[in-house]
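Here is the structure we will look at, set down as structure tokens.
The values are calculated or read from the model by the stated rules, or taken from the named source; none is laboratory data. Just so we're clear, the structure is a prediction, and the values are computed from it rather than from any experiment. Counting neighbours? That spans all protein chains shown, and the Cβs are built from the backbone with ideal geometry, glycine included. These accessible areas exclude ligands, DNA and RNA; they are computed on the full protein's heavy atoms, side chains included. Shrake-Rupley method; radii C 1.70, N 1.55, O 1.52, S 1.80 Å.
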There are 2 protein chains.
Amino acid sequence: GGVVETLFFPDEKLPCRNNRKPGGCHRPHCDYAHTPTSLSRFLDYLGSATRTLDICVFTITNDDISDVVLELHKRGVRVRIISDNDQAHTQGSDIDKFRQAGIAVRQDKTSAHMHHKFAIIDGRLLLNGSFNWTRQAVTANNENVTVLSDPTLIRSFQQQFDKLWEMFK
Amino acid sequence: GGVVETLFFPDEKLPCRNNRKPGGCHRPHCDYAHTPTSLSRFLDYLGSATRTLDICVFTITNDDISDVVLELHKRGVRVRIISDNDQAHTQGSDIDKFRQAGIAVRQDKTSAHMHHKFAIIDGRLLLNGSFNWTRQAVTANNENVTVLSDPTLIRSFQQQFDKLWEMFK
Ligand SMILES: [Zn+2]
Ligand SMILES: [Zn+2]
């Protein structure tokens, strides 16, 4: 108990966006993945949030991931995001997009790095590992995300999240 | 079962090196830590290896960690290290030191990143998280290392290690 699975990257292909919509993909020569990949599994876990999603990730520039987060926010899931300030204004950062949508975002204001890459889903699942939420990390880098359900572990990461949330107010 | 503990960084202080030696520290105004820190716990886990230590970490520049790895190698523990080539020749990288000591080191030769930060101790413990093995990560960055003993999880990371070990031959 406590360990759900591990997702390893790189994926060979990015998941097909049409395939995630009702009706699926009908492009004749679609080059994207139509069977599960590490990213599609990752998106499924994120998308399973029904109440809360606490995100504490160094960089977020992956639009497939951001779209799921924005959709959860629209559905009424309470999303909170902690990210690193050094990364927030790099090209493609989705932090501004989150803020504009009304999602609560806080940032490490120091010169040190808020280097975590974890998320807590409904206080029930922890995603954690080496994986920054970027496009490059999906199809190029060697990365891992462990999916864990151990209550003691989740409690310690929740405490860490709450501590940083206060610290970066 | 399966989850041993989580180490969160930053530590306030680096652990006192004298304190790790027999007899302890006798410096009158020693500024280093003499009680357990996340790094000292981390070093204790690494140092508990008796047979094998498989390391797959993006950057290694922390001499406290390197000293433990070199000592294990001297004691006859079979150490294998996978690291990223982009980082191996940056200032302070300990990769050359490991090679000179006779430790087997392999590197990602691609422009993508081997971005993992995990180690498997005696096939019995997995250390994994956001923590690169650098000095900055210890006393400045917000980082985590989970210490896990779940056999299925360790098997999947061992398979990943073995796959990369072959790939980077
Ligand atoms: Zn398609
Ligand atoms: Zn001392």
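Amide H contacts for A:Cys25 (H built 1.01 Å from N in the peptide plane; partners 5 or more residues away or on another chain; cut-off under 5 Å): A:Asn19. Axis angle, to the nearest 10 degrees, between helix A:151-167 and the longest C-alpha principal axis of chain A: 60 degrees.
The shape of the protein assembly as shown can be summarised by an equivalent ellipsoid whose semi-axes, obtained from the alpha carbon gyration tensor, come to 34, 24, 18 Å from longest to shortest. Taking all protein chains into account, the per residue accessible area for the protein assembly as shown stands at 44 Å² (1.4 Å probe). To the nearest ten degrees, helix A:63-74 and the longest principal axis of the Cα atoms of chain A are 70 degrees apart. Among the listed pairs A:Lys13/B:Lys117; B:Lys13/B:Lys109; A:Lys163/B:Lys13; A:Lys169/B:Lys13; A:Lys21/A:Lys74, a Cα-Cα separation exceeding 27 Å is found for B:Lys13/B:Lys109. Between identical copies, the spacing of B:Cys30 label points, each set 7 Å from Cα toward the C-beta atom, reads 6.3 nm from nearest to farthest.
In the assembled protein chains, A:Met167 presents an accessible area of approximately 110 Å² (probe radius 1.4 Å).
For the range B:38-169, the Cβ-based charge dipole about the Cα centre amounts to some 380 debye (Lys, Arg positive; Asp, Glu negative; other atoms uncharged). Selection among A:Ala104, A:Asn144, A:His116 by position relative to the dipole of the range A:89-166 gives A:Ala104 as farthest towards the positive end (Cβ unit charges, Cα centre). A straight Cα-to-Cα reach below 15 Å connects A:Lys97 with the aspartates and glutamates A:Asp63, A:Asp64, A:Asp67, A:Glu71, residues fewer than 8 places away in its own chain not being considered. When only the Cβ of Lys, Arg, Asp and Glu is charged (+1, +1, -1, -1), the dipole of the protein assembly as shown relative to its Cα centre reaches about 260 debye. For the range A:47-169, rounded, prolate or oblate, judged on the Cα gyration tensor with a ≥ b ≥ c (square roots of eigenvalues), a/c < 1.5 rounded, else prolate if a/b > b/c? Taking the square roots of the gyration eigenvalues as a ≥ b ≥ c, the range A:47-169 is rounded. Between helix A:38-47 and chain A, what is the angle of the helix's C-alpha long axis to the longest principal axis, kept within 0 to 90° and rounded to the nearest 10? Approximately 60 degrees, to the nearest ten.
The residues neighbouring B:Leu39, those whose beta-carbon lies less than 10 Å from its own, together hold a net charge of 0 under the Lys/Arg +1, Asp/Glu -1 convention.
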